[in-house]
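The values are calculated or read from the model by the stated rules, or taken from the named source; none is laboratory data. Keep in mind it's a predicted model, so treat the numbers as computed, not measured. All Cβ positions, even for glycine, are placed from backbone atoms using ideal geometry, and neighbour counts span all protein chains on display. Just the protein is used for accessible areas: all its heavy atoms, side chains included, with ligands, DNA and RNA removed. Shrake-Rupley method; radii C 1.70, N 1.55, O 1.52, S 1.80 Å.
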Amino acid sequence: CIEMLNGDQILLVYMKMMGIEYIPSEVMEPHLFVISKQKRDSPEKVTPMLIFYLLDGSLYQAPPLCNVFAARITSLYYIQKAFTTVASKLGKIGYGIKGATLDSKVTKETIDFKEVK
């Protein structure tokens, strides 16, 4: 009978259950709750599946980590390309940083904004 179990015994019963479970992984009351969806295969083996966060009453699914890294790497490429373009244009009009030289092999590039999307 579950009414006669204490907290530790309830936890042991819970750990023996298999299947999909949702558990709070981070709590910052009252505004933010991070919830993990995971699959329990055995009492010791848990496979994380998704992360959700509840922010001020709205539920959001967190993107997979690989998508976050891919977006950051892509944005760094375009930032580097923009700095190279600006540096080459500044070099052409005679702006320069004291002690710095610009590569003479800088080629003029046009950015096709249809490619960026």
Seminar exercise, completed: Exactly one of L54, L76 is in a strand (DSSP E or B) and either under 17 Å from the mean Cα position of the chain (by Cα) or not aliphatic (A, V, I, L, M) (or both), and that one is L54
Exercise. L5 passes all but one of (1) among the aliphatic types (A, V, I, L, M); (2) open to solvent by less than 70 Å² (accessible area, probe 1.4 Å); (3) closer than 24 Å to Y60 by Cβ; which number fails?
Worked result: (3)
Problem set entry | Top-ranked residue in region 13-51 [being open to solvent by 100 Å² or more (accessible area, probe 1.4 Å) and among the charged types (D, E, K, R); ranked as farthest from A62 (Cα to Cα)] | K16
Exercise. Looking only at region 74-88, which residues are of a type in the set (G, A, S) and either within 20 Å of M28 (Cβ to Cβ) or loosely packed, with under 11 Cβ neighbours inside 10 Å (or both)?
Worked result: S75
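Residue-wise test of (1) at pLDDT 85 or above; (2) out of contact with any helix residue (DSSP H, G or I) (no Cβ under 6 Å at 6 or more places or on another chain); (3) in a loop (DSSP other than H, G, I, E, B).
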residue: V27; (1), (2), (3): yes, yes, no
residue: P43; (1), (2), (3): yes, no, yes
residue: L50; (1), (2), (3): yes, yes, no
residue: A82; (1), (2), (3): yes, yes, no
residue: S88; (1), (2), (3): no, yes, no
For this session: Could you please find all residues in region 57-73 being open to solvent by less than 70 Å² (accessible area, probe 1.4 Å) and not in a loop (DSSP other than H, G, I, E, B)?
Result: S58, V68, A70, A71
